[in-house]
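These notes concern the structure reproduced below.
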Amino acid sequence: MEDIYAARGYGDRPVGFGEKPGVVVVDFQRGFTDPDFPMGGAPLVERALENTLRVMRAAKAAGAPVIACAIAFDGPKGAPHWKVGPVLDLLAGTKAVALDPRIAAEEPDVVLAKTAPSIFFGTAAGAILTRNRVDTVIVTGCITSGCVRASIIDAFSLGFRVQVPEDCVGDQDEVAHRQNLKDVERRYADIIDAEAAIAGIQRWAQVNNRD
């Protein structure tokens, strides 16, 4: 079957890696990773977390910045009009807001709280990456069709090159995961895998004489 988008020029050029990569880790908090919570424990999210750990380790070893975030509201009045009931329970100071212990153990350089889908909206993430001269953002985290997609679009809109390892992002539903990645691949980002992300980080490290 003909790809109508491809026939009209969508996705006809890769983004590629630029001068320096950085990693953003979106919402790998217990509310999304721990099966004790209503939104937690999806198999694709677990797969994504395990692969993201590898990318984080490569970035930390190379000296590339790693920024993690979690959704956290000071109270119900601080939340946007979310249509997902359990999201409104992600209140600052509760267990659901804590980073997954495996992510926390890798010691992200910066941990931000956010109230909107994107890691970049209303946070210092973009400024921190720019200050560190990052031009390529590797997006990891959950949920692919929600906060990950929003973060991809904002990174693109801020002028970053965007790389998304498919196996480092996860969703509640595999169909939504695949469809959303295909759609952003047509427009905003390269869809790669964890190995390609690690290779890109290591290439940068070699150029900059980092072991």
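If the requirement is being more than 24 Å from residue 13 (Cα to Cα) and over 13 Å from the mean Cα position of the chain (by Cα), which of these qualifies: 134, 110? Before you say what the answer is, go through the steps one by one.
Working: 134 fails: more than 24 Å from residue 13 (Cα to Cα).
Exactly one of 134, 110 is more than 24 Å from residue 13 (Cα to Cα) and over 13 Å from the mean Cα position of the chain (by Cα), namely 110.
Going through 49, 88 one at a time, which residue ends up being touching a helix residue (DSSP H, G or I) at 6+ places or on another chain (Cβ under 8 Å), at pLDDT below 95 and not in a loop (DSSP other than H, G, I, E, B)?
On the way: 49 fails: at pLDDT below 95.
Going through 49, 88 in turn, just one is touching a helix residue (DSSP H, G or I) at 6+ places or on another chain (Cβ under 8 Å), at pLDDT below 95 and not in a loop (DSSP other than H, G, I, E, B): 88.
So which of 115, 130, 94 ends up being closer than 14 Å to residue 67 by Cβ, of a type in the set (Ser, Thr, Tyr) and out of contact with any Cys (no Cβ under 8 Å at 6 or more places or on another chain)?
On the way: 115 fails: closer than 14 Å to residue 67 by Cβ; 94 fails: closer than 14 Å to residue 67 by Cβ.
130 is the lone residue from the list that is closer than 14 Å to residue 67 by Cβ, of a type in the set (Ser, Thr, Tyr) and out of contact with any Cys (no Cβ under 8 Å at 6 or more places or on another chain).
Residue check, residue 41 against (1) touching a residue at least 60 places away in the same chain (Cβ under 8 Å); (2) over 25 Å from residue 185 (Cβ atoms), all met but one. Which one?
(1)
So if I check each of 68, 64, 58, 98, which one is in contact (Cβ under 8 Å) with a residue 40 or more places away in the chain, within 18 Å of the chain's Cα centre (by Cα) and under 24 Å from residue 180 (Cβ atoms)?
On the way: 64 fails: under 24 Å from residue 180 (Cβ atoms); 58 fails: under 24 Å from residue 180 (Cβ atoms); 98 fails: under 24 Å from residue 180 (Cβ atoms).
After applying the criteria, what remains is 68.
Is at least one residue of the stretch 152-160 surrounded by 22 or more Cβ atoms within 10 Å (Cβ to Cβ), among the polar types (S, T, N, Q) and under 20 Å from residue 130 (Cβ atoms)?
Within the stretch 152-160, none of the residues are surrounded by 22 or more Cβ atoms within 10 Å (Cβ to Cβ), among the polar types (S, T, N, Q) and under 20 Å from residue 130 (Cβ atoms).
Any residue in the stretch 147-166 that's within 24 Å of residue 72 (Cβ to Cβ): show its pairings with residues that are modelled with pLDDT of 95 or more and of a type in the set (Phe, Trp, Tyr) at Cβ separation under 7 Å, as long as the two are six or more apart or on different chains.
Partner pairs satisfying both residue conditions: 151/120; 152/188; 153/188; 154/120; 154/121; 155/120; 158/120.
Scan 64, 59 and give me the residue that is over 16 Å from residue 31 (Cβ atoms), part of a loop (DSSP other than H, G, I, E, B) and modelled with pLDDT of 95 or more. Don't jump to the end; show me each part of the working.
Details: 59 fails: part of a loop (DSSP other than H, G, I, E, B).
Sole residue among the options that is over 16 Å from residue 31 (Cβ atoms), part of a loop (DSSP other than H, G, I, E, B) and modelled with pLDDT of 95 or more: 64.
Against the condition surrounded by fewer than 20 Cβ atoms within 10 Å (Cβ to Cβ) and touching a Pro at 6+ places or on another chain (Cβ under 6 Å), how does residue 109 come out, does it pass? Working first, answer last.
Values: surrounded by fewer than 20 Cβ atoms within 10 Å (Cβ to Cβ): yes; touching a Pro at 6+ places or on another chain (Cβ under 6 Å): yes.
In short, yes.
Out of the residues in the stretch 22-35 meeting the condition of being in contact (Cβ under 8 Å) with a residue 60 or more places away in the chain and farther than 19 Å from residue 118 by Cβ, tell me which one is surrounded by the fewest Cβ atoms within 10 Å (Cβ to Cβ).
Of the stretch 22-35, the ones in contact (Cβ under 8 Å) with a residue 60 or more places away in the chain are 22-34.
Filter once more, keeping what is farther than 19 Å from residue 118 by Cβ: 30, 33-34.
Working: 30: 21, 33: 26, 34: 16.
Filtering the stretch 22-35 for residues that are in contact (Cβ under 8 Å) with a residue 60 or more places away in the chain and farther than 19 Å from residue 118 by Cβ, the one surrounded by the fewest Cβ atoms within 10 Å (Cβ to Cβ) comes out as 34.
Give me a count of the residues in the stretch 156-211 that are assigned to a helix (DSSP H, G or I) and closer than 27 Å to residue 40 by Cα.
19
Would you mind stating whether residue 174 is surrounded by 15 or more Cβ atoms within 10 Å (Cβ to Cβ), under 24 Å from residue 11 (Cβ atoms) and of a type in the set (D, E, K, R)? Lay out the reasoning, then the answer.
Details: surrounded by 15 or more Cβ atoms within 10 Å (Cβ to Cβ): no; under 24 Å from residue 11 (Cβ atoms): yes; of a type in the set (D, E, K, R): yes.
Answer is no for this residue.
Suppose we filter the stretch 109-146 for residues that are touching a residue at least 60 places away in the same chain (Cβ under 8 Å), farther than 20 Å from residue 46 by Cβ and in a loop (DSSP other than H, G, I, E, B); how many remain?
Adding up the residues that qualify gives 5.
Within the stretch 70-85, can you find the residues that are touching a helix residue (DSSP H, G or I) at 6+ places or on another chain (Cβ under 7 Å) and either surrounded by 13 or more Cβ atoms within 10 Å (Cβ to Cβ) or within 16 Å of residue 111 (Cβ to Cβ) (or both)? Give the steps one after another, and end with the answer.
Initial filter on the stretch 70-85 (touching a helix residue (DSSP H, G or I) at 6+ places or on another chain (Cβ under 7 Å)): 70-72, 76, 79, 82.
70, 71, 72, 79, 82 - these are the residues of the stretch 70-85 that are touching a helix residue (DSSP H, G or I) at 6+ places or on another chain (Cβ under 7 Å) and either surrounded by 13 or more Cβ atoms within 10 Å (Cβ to Cβ) or within 16 Å of residue 111 (Cβ to Cβ) (or both).
For the stretch 99-106, check the following and say yes or no: at least one residue is in contact with a strand residue (DSSP E or B) (Cβ under 7 Å, 6 or more places away or on another chain), surrounded by fewer than 18 Cβ atoms within 10 Å (Cβ to Cβ) and either of a type in the set (Phe, Trp, Tyr) or in a helix (DSSP H, G or I) (or both). Please lay out each step first, then the result.
The initial filter retains those residues of the stretch 99-106 that are in contact with a strand residue (DSSP E or B) (Cβ under 7 Å, 6 or more places away or on another chain), namely 99-100, 103.
Imposing the further condition that a residue be surrounded by fewer than 18 Cβ atoms within 10 Å (Cβ to Cβ) reduces the set to none.
No.
The values are calculated or read from the model by the stated rules, or taken from the named source; none is laboratory data. As the structure is a prediction and not an experimental result, all values here were calculated from the model. Methodologically, a virtual Cβ is constructed for each residue, glycine included, from the backbone with ideal geometry; neighbour enumeration extends over all protein chains shown.
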